[in-house]
Amino acid sequence: MLLYLLDLAGVAVFAVSGALTAARTGMDLLGGLALATITAIGGGTLRDLLLNRHPIFWIRDARYLVVIVAAALLSMLWSACLPPLSHALLVADALGLALFAISGAQVTEADGHSPIVVVLMGTMTGAAGGMLRDMMIAQVPLIFRQDIYASAAVAGIVVYLLLKAAGLRSRWAITAGVLVILGLRMGAVLWGWHLPRLHPVG
Amino acid sequence: MLLYLLDLAGVAVFAVSGALTAARTGMDLLGGLALATITAIGGGTLRDLLLNRHPIFWIRDARYLVVIVAAALLSMLWSACLPPLSHALLVADALGLALFAISGAQVTEADGHSPIVVVLMGTMTGAAGGMLRDMMIAQVPLIFRQDIYASAAVAGIVVYLLLKAAGLRSRWAITAGVLVILGLRMGAVLWGWHLPRLHPVG
Amino acid sequence: MLLYLLDLAGVAVFAVSGALTAARTGMDLLGGLALATITAIGGGTLRDLLLNRHPIFWIRDARYLVVIVAAALLSMLWSACLPPLSHALLVADALGLALFAISGAQVTEADGHSPIVVVLMGTMTGAAGGMLRDMMIAQVPLIFRQDIYASAAVAGIVVYLLLKAAGLRSRWAITAGVLVILGLRMGAVLWGWHLPRLHPVG
């Protein structure tokens, strides 16, 4: 149930981020819907394929697609009629990262895999949608630019795993994990937090 | 049987579009074969992975790969010896989109999924090959540029579903769906048809 | 057992190539780990997904991920402290291509597929990791540039298949296949060997 809500909220915010990206690059309506859909289903689809969970979440339950279409149309309407919200795209992306990273981690842990697999699968689930979105418009994905992105996901998943190991109830561990990722990522967006850069070599 | 022909024709025309793209960007022979193959198998492979149909179509039946290699070699030979055909690449891409969109829709519908899932899966099956091709050469895929692409696939799949619901025999519904996609897409290529663009936001 | 060693060595060298690429483009530590991981697991993951082998190799055995993290951290440390090795990135990539191409070919052959499927699956397994790495940084993948890449993989796999058909023991056929790919690829890197280019058309 909680997982279902994580996934529903995750597809909605990633659909918004895809639709806003489409609007910024001057795509038409269907291109916008396509980019919103790919962004929204990318992470969970990768999670389900890699863990061999069939049917894939949005094939099993078509409500996800209805949510995506509604969220994408509303954001395109907004961006056509109202002044842009500053950082709207980055906030939607941060929320999607947080929700899907913890959803991916939770599913992988429930399947009984080791912590390093849980961390990797959660990070991939959270990052894949935004990565696909950025690759589609031929940009280097956010995850590979210089601020905190993968590291936020890893930190949140580790917090989630530690709290669960400490005996906390699942819903609180999940909430804490999501908030850690969102907090770190928003710190990077708003105040430029970052990790040490690697030195370029020849 | 009809599905088999759709898929065979689809891989052939997508192989041509991949080989022509390779020739334009100055790749060598094997690079051209690789791009033709990825373009040709991309859509159907995604369809089979997402619907958990194993073995994947080209693993089950190696004839697809023979068709791809033959189509790619012939188009590379053509482009090395004869004057280029205007719009050859866009026509091949439009045909591939039309054939694979209806093939993906038909398979998904036969599995008993809801219409919105059928439309999405068909569109993805049709668009994935060309999308991979364009991503490989670091270009923004056709589907995200300003003319009719995803919308053509959606329209053709909806026509296919309506005709089948109206009791038409499968082969005629398929033919109509393919023709609608091809017609809309060629209208976009030849006469610049397009949907309203989204306004860029800040 | 031999397959296990091929895969372990393959992920290690691809992790090095991903980490070096990250260092060159000025990513931070976690971005570097992410790129190293994607490069290292890309090919084998595609192989396991397409052949429906579950659990995926790095989900089944978390040692792969430990090797990747160690290899990535060591190369980032190296590139931060010591003078760059000339061609280090291209050599790591060539080794990864050779190891994974033969690993993919061997698994596909053991599943009883036809030679053309074995060649394609081996080439994809070998090339996918580096292809993902280059797409992530919005570059045209090495495989589509003008020197020998896919052709080296194809040649090595054909040699492997012929030697096995001639009755040679598996380990020697594997070794020969790996050396052929590595030799052809290094010849291309060091002495500019290449196949005839395709003529660009209008």
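The values are calculated or read from the model by the stated rules, or taken from the named source; none is laboratory data. From a predicted model like this one, the values you see are computed outputs, not experimental measurements. When we count neighbours, we look across all protein chains shown, and the Cβ atoms used for this are built from the backbone with ideal geometry, even at glycine.
Annotations for the structure displayed:
- Test for A:S103: is it in contact (Cβ under 8 Å) with a residue 24 or more places away in the chain, surrounded by 24 or more Cβ atoms within 10 Å (Cβ to Cβ) and away from every other protein chain (no Cβ under 14 Å): yes
- Residue within the stretch A:88-99 that is more than 22 Å from A:G122 (Cα to Cα) and more than 9 Å from chain B (Cβ to nearest Cβ) present: no
- From the options B:L30, B:L82, B:L49, residue that is modelled with pLDDT of 95 or more and within 11 Å of chain C (Cβ to nearest Cβ): B:L49
- Residue match in the stretch A:67-77 (condition: farther than 30 Å from B:W193 by Cα and out of contact with any Cys (no Cβ under 9 Å at 6 or more places or on another chain)): no
- Leading residue by the ranking (nearest to B:D61 (Cα to Cα)) among those in the stretch C:117-140 that are facing chain B (nearest Cβ under 8 Å) and outside any helix (DSSP H, G or I): C:V140
- Screening the stretch A:109-133 for residues that are in contact (Cβ under 8 Å) with a residue 60 or more places away in the chain and of a type outside the set (A, V, I, L, M, F, W, C) and picking the one that is nearest to A:A23 (Cα to Cα) gives A:R133.
- When A:A88, A:A70, A:A110, A:A80 are screened for being surrounded by fewer than 24 Cβ atoms within 10 Å (Cβ to Cβ) and in contact with a His (Cβ under 9 Å, 6 or more places away or on another chain), only A:A80 passes.
- Figure legend. Inter-residue proximity from the stretch A:141-167: first residues more than 13 Å from every other protein chain (Cβ to nearest Cβ) and free of Cβ contacts under 8 Å to residues at least 24 places away in the same chain, second residues among the hydrophobic types (A, V, I, L, M, F, W, C) and surrounded by fewer than 19 Cβ atoms within 10 Å (Cβ to Cβ), beta-carbon distance below 6 Å, spacing 6+ or different chains. Indicated pairs: A:V159/A:A176; A:L163/A:A176.
- Hits in the stretch C:50-86 (condition: outside any helix (DSSP H, G or I) and either touching a residue at least 60 places away in the same chain (Cβ under 8 Å) or aromatic (F, W, Y) (or both)): C:L51
- Qualifying residue in the stretch C:191-198 (condition: at pLDDT below 95 and either among the hydroxyl-bearing types (S, T, Y) or in a helix (DSSP H, G or I) (or both)): yes
- Residue list for the stretch A:34-75, filter: in contact with a Gly (Cβ under 6 Å, 6 or more places away or on another chain) and polar (S, T, N, Q): A:T39
- Residue within the stretch B:153-162 that is at negative phi and in a loop (DSSP other than H, G, I, E, B) present: no
- Among the residues of the stretch C:40-59, just one is farther than 11 Å from C:D7 by Cβ and charged (D, E, K, R), namely C:R53.
- Checking each residue in the stretch A:64-79 for being more than 9 Å from chain B (Cβ to nearest Cβ) and under 29 Å from C:I56 (Cα atoms) picks out only A:Y64.
- Single condition B:H113 does not satisfy, out of (1) more than 9 Å from chain C (Cβ to nearest Cβ); (2) part of a helix (DSSP H, G or I); (3) not charged (D, E, K, R): (2)
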